Amino acid sequence: MNQAIKPSPEAPSQAGLPELSVVVPTFNERDNVTVLYRRLEATLAGIAWEVVFVDDNSPDGTWEVVRGLARKDSRVRCIRRIGRRGLSGACIEGILASSAPYAAVIDADLQHDETQLPKMVALLRSGEAELVVGSRYIEGGSADSFNKQRAGASQLATEVAKRTLKVEVADPMSGFFMIRRDRFEQLAPQLSTQGFKILLDIIATAQGKLRTIEIPYTFGSRQHGESKLDSMVALDFLGLVLAKLTHDVVSLRFILFAMVGGTGLIVHLAALFIAHEIFREPFAEAQAAGALVAMTSNFILNNFLTYRDQRLKGFAILRGLLLFYLVCGVGLLANVGVAFAVFDQEPIWWLAGLAGALMGVVWNYAMSGLFVWRKR
């Protein structure tokens, strides 16, 4: 019988093939990519390497700069993503597209210490570790470049992750790490393509089954451009934690969609109060106004958060909003229908209401993905 021969993941790379793939997610980093390439070239002398830039179709033409480097050096590769956004998804695609037994993730903003890469490779090569994390929060590490607000947010998120997901790593929020590619491929189907915290997702998904070593590094200051982190990252993080607590029974995107729906309830009640109590509109008209305002609010938040990687722009926003109204209108009928059916069987108002609400959010989520934010 003929059998496929699988090379050992610990074996050295074959001649001409890289031993290390450095994956760099980028968005508007044209001023940084050449500098990072030069630094990698200097620090990885003696190691067979490649660098895979995964660019989310940067308006500043980052991908054009990378293509220019690739024409001069075959070790440079560019994946230009159209219609997809998000650091986690970029990292996943980049690692799965790599050809080396070891894959590192490093930001393009020059804040990570690329001189630690040879040490990381040595730890994986020796078999001491399957995952090596660049840590800011162990002895010898530092995040002094953070302002007080970002430092506090990072420490809070780290503590939440460690307590809720039983993560043992000191810096699970780090964006600088290296992993054996074969181990990553085993975990990849369970990872979320949304959000920013790919390392936390890897660690939580592995459930303690990855031999992990942390090495200290000093987190530097951004040299060019602006941070891609925004106020929505906190909800992204919370959604990831909740998804992992449910063992991925529900997706991160569904959790974010439901969280947005929760804010919509508050908006609805506020609009209802204003219309009915302040402007003295009849209840039916006030309720309709509250529903319309809430649906609009939900659409805006979902467009900027839940579906940020498929964000609608220009005229597509109006078309999407109208479709969202239609989807939610049908969802309301499904909500009421299920609630009445449950109440007929078991006349417990809160149980019937909960069943109806769950049916409504599942319907709205499914139909929104199919018709409003469908991938093109």
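Tell me which residues, restricted to segment 315-345, are under 22 Å from Val260 (Cβ atoms), surrounded by fewer than 19 Cβ atoms within 10 Å (Cβ to Cβ) and among the small types (Gly, Ala, Ser). The answer is Ala316, Gly329, Ala334.
Listed by first and then second residue, the pairs with beta-carbon distance under 7 Å, at least 6 apart or on different chains, first residue in segment 28-40 and in a loop (DSSP other than H, G, I, E, B), second open to solvent by 50 Å² or more (accessible area, probe 1.4 Å) and not acidic (Asp, Glu), are Asn28/Pro59; Asn28/Gly225; Glu29/Gly225; Asp31/His224; Asp31/Gly225; Asn32/Gln223; Asn32/His224; Asn32/Gly225. The residues in segment 346-362 that are over 24 Å from the mean Cα position of the chain (by Cα), open to solvent by 60 Å² or more (accessible area, probe 1.4 Å) and of a type outside the set (Asp, Glu) can be counted, and the count is 7. Being in contact with a Leu (Cβ under 8 Å, 6 or more places away or on another chain) and part of a loop (DSSP other than H, G, I, E, B) is the filter; apply it to segment 107-119 and report the residue that is nearest to Arg30 (Cα to Cα). Among those residues, the one meeting the criterion is Ala108. Glu139 passes every criterion in (1) over 29 Å from Ser58 (Cβ atoms); (2) touching a residue at least 12 places away in the same chain (Cβ under 8 Å); (3) part of a helix (DSSP H, G or I) apart from (3). Taking each residue of segment 294-305 that is farther than 12 Å from Trp373 by Cα and looking for partners that are at pLDDT below 95 and polar (S, T, N, Q) with beta-carbon atoms closer than 9 Å, six or more apart or interchain, yields Ala294/Thr263; Ser297/Thr263; Asn298/Thr263; Asn298/Asn364; Leu301/Thr263.
Candidates in segment 236-268 are the residues that are of a type in the set (D, E, K, R) and part of a helix (DSSP H, G or I); of these, the one that is nearest to the chain's Cα centre (by Cα) is Asp236. Just one residue in the set Arg84, Arg80 is among the charged types (D, E, K, R), within 20 Å of Val24 (Cα to Cα) and free of Cβ contacts under 8 Å to residues at least 40 places away in the same chain; that residue is Arg80. Restricting segment 120-136 to residues that are open to solvent by less than 20 Å² (accessible area, probe 1.4 Å) and part of a helix (DSSP H, G or I) leaves a set whose member that is nearest to Ile215 (Cα to Cα) is Met120. Total residues in segment 169-223 satisfying the condition of being surrounded by 22 or more Cβ atoms within 10 Å (Cβ to Cβ), acidic (Asp, Glu) and under 15 Å from Ala90 (Cα atoms): the figure is 1. Taking the criterion of being modelled with pLDDT of 95 or more, of a type in the set (A, V, I, L, M) and in contact with a Ser or Thr (Cβ under 9 Å, 6 or more places away or on another chain), the residues of segment 109-130 that qualify are Leu117, Ala129. Cβ-Cβ distance below 8 Å, separation of 6 or more or different chains: which pairs start in segment 353-376 with a residue that is touching a residue at least 24 places away in the same chain (Cβ under 8 Å) and end on one that is open to solvent by 30 Å² or more (accessible area, probe 1.4 Å) and outside any helix (DSSP H, G or I)? Close Cβ pairs (under 8 Å, with a partner that is open to solvent by 30 Å² or more (accessible area, probe 1.4 Å) and outside any helix (DSSP H, G or I)) amount to Lys375/Gly83; Arg376/Gly83. Across segment 228-245, the number of residues qualifying as open to solvent by less than 60 Å² (accessible area, probe 1.4 Å) and at pLDDT below 80 comes to 5.
Of the residues making up segment 44-74, those that are in a loop (DSSP other than H, G, I, E, B), open to solvent by 10 Å² or more (accessible area, probe 1.4 Å) and closer than 25 Å to Ile202 by Cβ are Ile47, Ala48, Asp56.
The values are calculated or read from the model by the stated rules, or taken from the named source; none is laboratory data. A quick note: this is a predicted structure, and the numbers were derived from the prediction, not measured. Because the Cβ atoms are built from the backbone with ideal geometry, glycine has one as well, and the counts that use them run over all protein chains shown. To get the accessible areas, we keep the full protein, side chains included, count just its heavy atoms, and leave off ligands, DNA and RNA. Shrake-Rupley method; radii C 1.70, N 1.55, O 1.52, S 1.80 Å.
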